[in-house]
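Read through the structure below, which is laid out as structure tokens, and then see the notes.
The values are calculated or read from the model by the stated rules, or taken from the named source; none is laboratory data. On a predicted model such as this, the values are computed, not experimentally measured, just so you know. Virtual Cβ from ideal backbone geometry, glycine too; neighbours counted across all protein chains shown. Only protein heavy atoms, including side chains, enter the accessible area calculation; ligands, DNA and RNA are left aside. Shrake-Rupley method; radii C 1.70, N 1.55, O 1.52, S 1.80 Å.
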Amino acid sequence: MANKKKQRIGLIFGGRSGEHEVSLASATSVMANLDSDKYEVVPIGITKEGTWLLGTEPARLIAAEQSVSVDAGGGETTAVTLTSDPRLRRLIPLQGSQPLEDNGALDVIFPVLHGTYGEDGTLQGLLEMANVPYVGCGVLGAALGMDKEKMKMVFQSVGLPSVDYLVYRRNQWERSPETIMDAIEQRLGYPCFVKPVNLGSSVGISKAHERAELEDAMHVAAQYDRKVIIEHGINCRELECSVLGNDEPLASVVGEVIASNEFYDYNAKYIDNKSQIIIPADIPQAAAEEVRRQAVAAFLALDLSGLARVDFFLEKETGRVYINEVNTLPGFTQISMYPKLWEASGLPYSQLLDRLIELAIERHEDKQRNRTSR
């Protein structure tokens, strides 16, 4: 019997984001764990300037950013784009060059992009236009999952509790900083967390204990986005839960993050390697069940699909669970919380990748049932 043809998986990573380097680490791990007997991996690295480079591997993307014709782990890179013609579902070279392998055709796109221009609905819109199956949620879910303000509004509409918060536009802050700080102090008090509304991996986030720190934190956050969210700080434990599926999602066991710094900032997540991850979290069963319930409810409320990591606060004094946010394309190294939670739930890393690809195809096939004309 002839061997079954391998699926061509377009692995997209890098991107125009403050989380560019995190994406490279995730993609390195995904690439190493996709079953070579099932898949032909087609690496597509996106530079910080936005150029798509076919043939570059994650560890070599920084070098590849210097030129579209450098050795990037076994060959030359080619600048490409994804055609939006839904009949073709393939990559095309940007300049006249040799035809791409398999004419650039792809069976599934696996985005391993974090943050802006990858996790916020923009890439998903292109993939929808191209009519290619892809891992993760669609345009609406990605946009809502990235915008912390709109996300919390959806949470509130379905009765999911979150800590008190305020949101300001950058032009409001630049016009009336003193008035805004007065309002924050009166409504939220200290400590409070100041974040760019549209970003992840704790980039641009600060914890303010008094007015001078608040002013500095607002300036920092406003550099990354036109909207800044300020959240009331509570005395809590930080919990996380992974969700997997499409219309009938499942929740993993619950894990706890014990940050090495005062909060789980970028250094605590990715640099100092001193934060602790406890799986399963040592919390009451009722609290764990509530976290899992809220995780699935948030996934459905935001119209997500494929995967998401949902983050929570467990208030120490009251034992109350507050939902913090979702991450629709979470970190995917082998030590990242999303795959580790599923491994603890009985789904090993490589099988998790298989399932995500299956869900991408399932979602795409279901969407093909929609009529696009009368």
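Eigenvalues of the alpha-carbon gyration tensor of the chain, scaled by 5 and square-rooted, set the equivalent ellipsoid semi-axes at 36, 24, 20 angstrom, largest first.
Take every pair of alpha-carbon atoms less than 8 Å apart whose residues are at least six positions apart; their mean separation over the length of the chain yields a relative contact order of 16 percent.
Geometric descriptor of the range 318-374, per residue, is 155 Å³ (volume of the convex hull of the Cα atoms).
Entry comment: accessible area of the chain is 46 Å² per residue, from protein heavy atoms only and a probe of 1.4 Å. Per q in 0.18, 0.20 Å⁻¹, report the Debye log10 I(q)/I(0) for the range 192-247, using one uniform scatterer on each alpha carbon and no solvent. For the requested q values the scattering log ratios are -0.65, -0.74. Taking square-rooted eigenvalues a ≥ b ≥ c of the alpha carbon gyration tensor, is the range 275-367 rounded, prolate or oblate, where a/c under 1.5 means rounded and, failing that, a/b exceeding b/c means prolate? It is oblate, given that a/c is not under 1.5 and a/b is not larger than b/c.
By the rule of a C-alpha distance below 13 Å, with chain neighbours fewer than 8 residues away ignored, the aspartates and glutamates paired with Lys152 are Asp164, Glu231, Asp311, Glu325. Leaving ligands, DNA and RNA out of it, report the carbon-plus-sulfur percent of the accessible area of the chain at a 1.4 Å probe. Taking all protein chains in place, the chain shows 47 percent carbon and sulfur surface.
A simple charge model with +1 on the Cβ of Lys and Arg, -1 on the Cβ of Asp and Glu and nothing else charged puts the dipole of the chain at about 1000 debye relative to its Cα centre.
Of the residues Gly50, Ser17, Pro330, the one whose Cα sits farthest towards the positive end of the charge dipole of the chain is Gly50 (charges of +1 on Lys and Arg Cβ, -1 on Asp and Glu Cβ, taken about the Cα centre). Annotation: amide H-H contacts under 5 Å for Val254 (H modelled 1.01 Å from N, sequence separation of 5 or more, or interchain): Ala281. Could you give the distance between the Cα centres of the range 164-188 and the range 99-155, to the whole Å? When both Cα centres are located, 32 Å separates them. From helices alone, the chain scores -10000 deg cm²/dmol at 222 nm; the rule is -39500 (n - 2.57) for each run of n ≥ 4 DSSP H residues, then divide by the residue total.
Between the residues Ala208, Met151, Cys137, the greatest Cα displacement towards the positive end of the dipole of the range 81-212, with unit charges on the Cβ of Lys, Arg, Asp and Glu, is found for Ala208.
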